[in-house]
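Notes to accompany the following structure.
The values are calculated or read from the model by the stated rules, or taken from the named source; none is laboratory data. Fair warning: this is a prediction, and the values are worked out from it, not measured in the lab. Cβ placement follows ideal geometry from the backbone for every residue including glycine, while neighbour counts extend to all protein chains displayed.
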Number of protein chains: 2
Amino acid sequence: MDKILRVNTRTNTIRMEDCSEKDKFYGGRAYIARHLLEEVNPMCDPLGRENNLIIAQGLLGDSLVTTAGRCSIGGKSPLTNGVKESNVGGLAGKRMGRLGLKAVLLEDAPEKPDTRVLLVKKDQCELVPTPELKGCVISETFRIVQEKFGKNTGIFCIGPAGEMGMAGASVATLDQTGELVRFAARGGLGAVMGVKGIKAIVFDDAGTPSPPVYDRKALVAANRELVQMLRDDPKTENRREYGTPAIISVCNALGILPTRNFSSGQFEHADAISGETIRDLIIERNGEGKKGVACVQGCVIKCCNVFPDKNGKKIVGTLQYENIGLLGSNCGIGDIDKIAELNNLCNEMGVDAIETGAAIGVAMEAGVFPFGDAEGAKDLINQIGKGTFLGRIIGNGVVVTGKVLNVRRVPATKGQALPAYDPRALKGIGVTYAMSAMGADHTAGNALETAKRINPLGKEDQVEASYRLQVRAAILDSLGVCLFIRPPFVKKPELFARLVNARYGWNWTYSDVQKMGIECLNTEREFNRKAGVSDEQCDVPEFMRCEPLPPNNTVYDIPKEQLNEIWSVQLPEDMF
Amino acid sequence: MDKILRVNTRTNTIRMEDCSEKDKFYGGRAYIARHLLEEVNPMCDPLGRENNLIIAQGLLGDSLVTTAGRCSIGGKSPLTNGVKESNVGGLAGKRMGRLGLKAVLLEDAPEKPDTRVLLVKKDQCELVPTPELKGCVISETFRIVQEKFGKNTGIFCIGPAGEMGMAGASVATLDQTGELVRFAARGGLGAVMGVKGIKAIVFDDAGTPSPPVYDRKALVAANRELVQMLRDDPKTENRREYGTPAIISVCNALGILPTRNFSSGQFEHADAISGETIRDLIIERNGEGKKGVACVQGCVIKCCNVFPDKNGKKIVGTLQYENIGLLGSNCGIGDIDKIAELNNLCNEMGVDAIETGAAIGVAMEAGVFPFGDAEGAKDLINQIGKGTFLGRIIGNGVVVTGKVLNVRRVPATKGQALPAYDPRALKGIGVTYAMSAMGADHTAGNALETAKRINPLGKEDQVEASYRLQVRAAILDSLGVCLFIRPPFVKKPELFARLVNARYGWNWTYSDVQKMGIECLNTEREFNRKAGVSDEQCDVPEFMRCEPLPPNNTVYDIPKEQLNEIWSVQLPEDMF
């Protein structure tokens, strides 16, 4: 995994390079941050010629480590105008790692819109014209691409939203069984891929040898410990059974479940859309329904599901907490079947369900459709795919939607929609939303796990907790493993170093791992500063500072000065 | 002119205050910059409760000085997210000055949209509910307001675009005869007024005494000198005869006339839309047509016109260079009657013709209508008024239009559309576009006047020239006089001090006047920095750095580092 594939999408030049000695120590998210700062003009138009789409494997991406293989996609975001990394499970990252690729860089952009597939095989890389894929929705794209390039390939692709350059566009991939479609959803990276005229990237690893490991025995041993820790963690069982929707009830009880465009933190139909309900329906309806599905091979958590309709036919795989929160309660929709259909429609158009759900919520507040109107919401997502004017507004995300439709209550920071945790009653995640270079992003440092230790309504300890979580997230995103392996790690951070050392033969301690995470955050912040996304822009949405959130009736009250203290937090070197 | 009227548009509290001792030395634009920095949260939503709409008279605003009475309107711009000042002639500023008002501040915003008139009389200020004005176009608004509050009042009002919170919305006023409707057009201040639920502000100065003057004789004498200098300037005669459209031919010859979304600097139909053609048509068609009309009483330049149709009936008053450039050549439209109609439609909807023309150009590039399709352009402006989704896109300006319609060639800096001088062949104005806190704004420092001394295609001396022009503009905008009195002043800058001293009894030298201008620029820059509009965002549009502009086939090549040198330019203290 020491090769870099550079594809100039304008000249169609493809070059395989060796990774520089320095870059070898950086994977996934950390690699993306470095690449952006070193090679991309921070002030460039994210959808112009100067931006790059970067697909980067985490340091453990090609290894047998559980959950490893989550692949980072990055670039300058058309949504936030700053650094963006979004990672995703599925098969493509695994195949890419097996091809020895540390990163694929899509550079420049063709003069005219184009629809091509980048095919990457052991001894062959080429841009294949595929006009037949133009405008295809995601499922159709996968079908045609697999038909043309083989069932066993790993695929990244975009939907019509990405082709139309919409800032809410995502990048899709499949799991190993083809049951799940997963997304590097946030930040509009699908649009960056779209303007480069790349509809899909296909990794065919046929004929490649097993990836190298410095000390297989040590790796197996360390992984075994990790797996055991996960198995011992009660959350793992819960996640396998109920998936991420398990926290619908938790968040509803805390009063942070976004409801009707973040006007309440509790939803009267929370039970009808909860993890428990979903699990029961999957069992009851049977058919194609499934729970406990893994998005990457070798994952022992298996938090995904396949959600079936009343006849047992799959509606969507997978139905996750964030999407239910944004497309469901946030739109006042309490029918889980409808939510699953909306989620599937977002998937088909290739748009981030979080961003799109938030945009629909704002459109509902503007009166385009009433809250609770699932058919209206469907219509809006279909319009995204058709590229109507309204569809383009929604597809460009919540900030553009609020601007065009003249809505003041816009749940976004740095241009990106808030995920499904209202920060007014979970103050720690507000610190992350405000301060992370990624904009509002729960995966950048989700304070939900701190809610039992730290009063979620209080101001104390939130800034430090967020920073700690942000460093952890940066570490995990750079290793290419899942955020859900974080909790057990807290007890044994040196395991990280052991995994990395076993894979590469390095002599890292946990302190080196931590340094990598901190450096990643600093690099991202530096890129943002140069990109004009200044520290001043680090805050929660204005209305959350003055509008109390029922049922706790709290506003977001951590002062900006206190938020800014995050830059001087010092972590103990040996603590995760 | 030492009173400040504070209107809380939420609580309907109206308070008359004395101007602070310090603020007395700041008028118009300089007052706005100070007010924003001192009282408005720089990171606030420009259309939220925390922004203020500021109407501020220049220091000479209530005086007999020629061109004085141009009134500054300001606030945090919904278009640029930074400081905004836009000034305008007409009667309202004069009436406001006569009422002794230095500034009117509209604070906060009502909970629900509202349609009210702020009535300001000698001894009475009130917010009058006027539901009958809801959605009225500008001409209808003036008609109803005059009917209700008197013909002789000075009026500021907004059109449907402002009511709908569109970022391209303007604020309108009438000249003393009611023939001209003039606009504080740039930066979306009409939307700021709209969200405050104020459809119009009416100044009724009946019963007020003449404004105070410290030394009337000295003021008359200084003004006489100024008038003589203007009369001696050949440009004055030219402006009275041909108006600002005189420069269509000049700009076309220089190759800077924006044509088809800034893809060329020359337009094949330039002759058909030139100042000469306009003058000839006004004479030939006769009827309501007029040339040499003044926008403020007492102006000796009189650069405005009333442009009639073939039957002599007024289409629009006035038809200016920028609007012809943006709505005409930039949209590929070479029919002056159609351009006048488009201009009038922009006026009626209450949107900036520059921003809207640029947005239509981008929509044409996206293929919504072909270039040259005047009926298509009309349809778009009508859609603004109707608030259709497409209309709202266009009405929100060129950046939103480019984003939603997926166009890369977007002629804007800091969120605001470029006026009708392509910087690739007039490098000095590119410095202003890039570096001014106002975003792309020709009135912030128009380098056209330097084109004879400084090679417009060269990089040398442009930065210093732009700075000098920016300081001058800040001075004139803070005094409340027209930019067109700048050239004669160059020879006799101390006249500024004499005018100010005669009005107020101060002991200013020109150096004090210059300091005021420089301080104004610095204050604006400081507000922008705090508003997250950082120095990094100071550049020309990306495509202008790589796409050569016919016929000179030059790109914009003043490096960013050289642009940044503007902050260290030192001007001689005694030179204008």
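For this structure, a couple of remarks:
- In region B:49-67, the residue that is farthest from the other protein chains (Cβ to nearest Cβ) out of those that are part of a loop (DSSP other than H, G, I, E, B) and in contact with a Cys (Cβ under 9 Å, 6 or more places away or on another chain) is B:THR66.
- Residue in region B:204-216 that is within 28 Å of B:LYS134 (Cβ to Cβ) and free of Cβ contacts under 8 Å to residues at least 40 places away in the same chain present: no
- Among residues of region A:360-386, those that are among the aromatic types (Phe, Trp, Tyr) and either within 14 Å of another protein chain (Cβ to nearest Cβ) or on the phi > 0 side of the Ramachandran plot (or both), counted: 1
- If you go through region A:387-418 and pick out every residue that is more than 10 Å from chain B (Cβ to nearest Cβ) and in a loop (DSSP other than H, G, I, E, B), you end up with 3.
- Residue match in region B:18-35 (condition: within 14 Å of chain A (Cβ to nearest Cβ) and in contact with a Ser or Thr (Cβ under 8 Å, 6 or more places away or on another chain)): no
- Yes/no for A:ASN261 being in a loop (DSSP other than H, G, I, E, B), more than 23 Å from A:VAL481 (Cβ to Cβ) and not basic (Lys, Arg): yes
- Test result for A:ARG70, surrounded by fewer than 24 Cβ atoms within 10 Å (Cβ to Cβ) and in contact (Cβ under 8 Å) with a residue 12 or more places away in the chain: no
- The criterion of at least 3 residues that are at pLDDT 95 or above and crowded, with 24+ Cβ neighbours inside 10 Å is met by the following strands (runs of 3 or more DSSP E) wholly inside region A:280-334: A:304-308.
Conditions tested, residue by residue: (1) closer than 16 Å to A:GLY82 by Cα; (2) more than 22 Å from the chain's Cα centre (by Cα); (3) of a type in the set (Val, Ile, Thr).
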| residue | (1), (2), (3) |
| --- | --- |
| A:GLY391 | no, yes, no |
| A:ARG408 | no, yes, no |
| A:GLN416 | yes, no, no |
| A:PRO419 | no, no, no |
| A:GLY430 | no, no, no |
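- Looking only at residues in region A:68-88 that are touching a helix residue (DSSP H, G or I) at 6+ places or on another chain (Cβ under 8 Å), in a loop (DSSP other than H, G, I, E, B) and not charged (D, E, K, R), the one that is nearest to the other protein chains (Cβ to nearest Cβ) is A:PRO78.
- Helices (runs of 4 or more DSSP H) completely within region B:89-196 that count 3 or more residues being within 27 Å of B:TYR31 (Cα to Cα) and more than 14 Å from every other protein chain (Cβ to nearest Cβ): B:91-98
- For region A:335-356, taking the residues that are within 19 Å of the chain's Cα centre (by Cα) and among the charged types (D, E, K, R), the one that is surrounded by the fewest Cβ atoms within 10 Å (Cβ to Cβ) is identified as A:GLU348.
- Residues satisfying the stated conditions in region B:214-241, i.e. outside any loop (DSSP other than H, G, I, E, B), in contact with a helix residue (DSSP H, G or I) (Cβ under 7 Å, 6 or more places away or on another chain) and under 24 Å from B:PRO456 (Cα atoms): B:LYS235, B:THR236, B:ASN238, B:ARG239
- Selection count, region B:465-510, where residues are farther than 17 Å from B:GLY58 by Cα and hydrophobic (A, V, I, L, M, F, W, C): 4
- Any hit, region B:26-35, residues being under 27 Å from the mean Cα position of the chain (by Cα) and surrounded by fewer than 19 Cβ atoms within 10 Å (Cβ to Cβ): no
- Qualifying residue in region B:439-449 (condition: farther than 29 Å from B:ASN223 by Cβ and touching a Phe, Trp or Tyr at 6+ places or on another chain (Cβ under 7 Å)): yes
- Scanning region B:45-69 for residues that are in contact with a strand residue (DSSP E or B) (Cβ under 6 Å, 6 or more places away or on another chain) and either modelled with pLDDT under 95 or of a type in the set (A, V, I, L, M) (or both) gives B:LEU53, B:ILE54, B:ILE55, B:ALA56.
- When residues of region A:431-477 are limited to those that are small (Gly, Ala, Ser) and surrounded by fewer than 24 Cβ atoms within 10 Å (Cβ to Cβ), the one nearest to A:VAL250 (Cα to Cα): A:ALA451
- Number of residues in region A:501-555 that are under 27 Å from A:GLY75 (Cα atoms) and either of a type in the set (Val, Ile, Thr) or within 14 Å of chain B (Cβ to nearest Cβ) (or both) equals 20.
- Test for A:LEU479: is it touching a residue at least 40 places away in the same chain (Cβ under 8 Å), of a type outside the set (D, E, K, R) and within 14 Å of A:VAL227 (Cα to Cα): no
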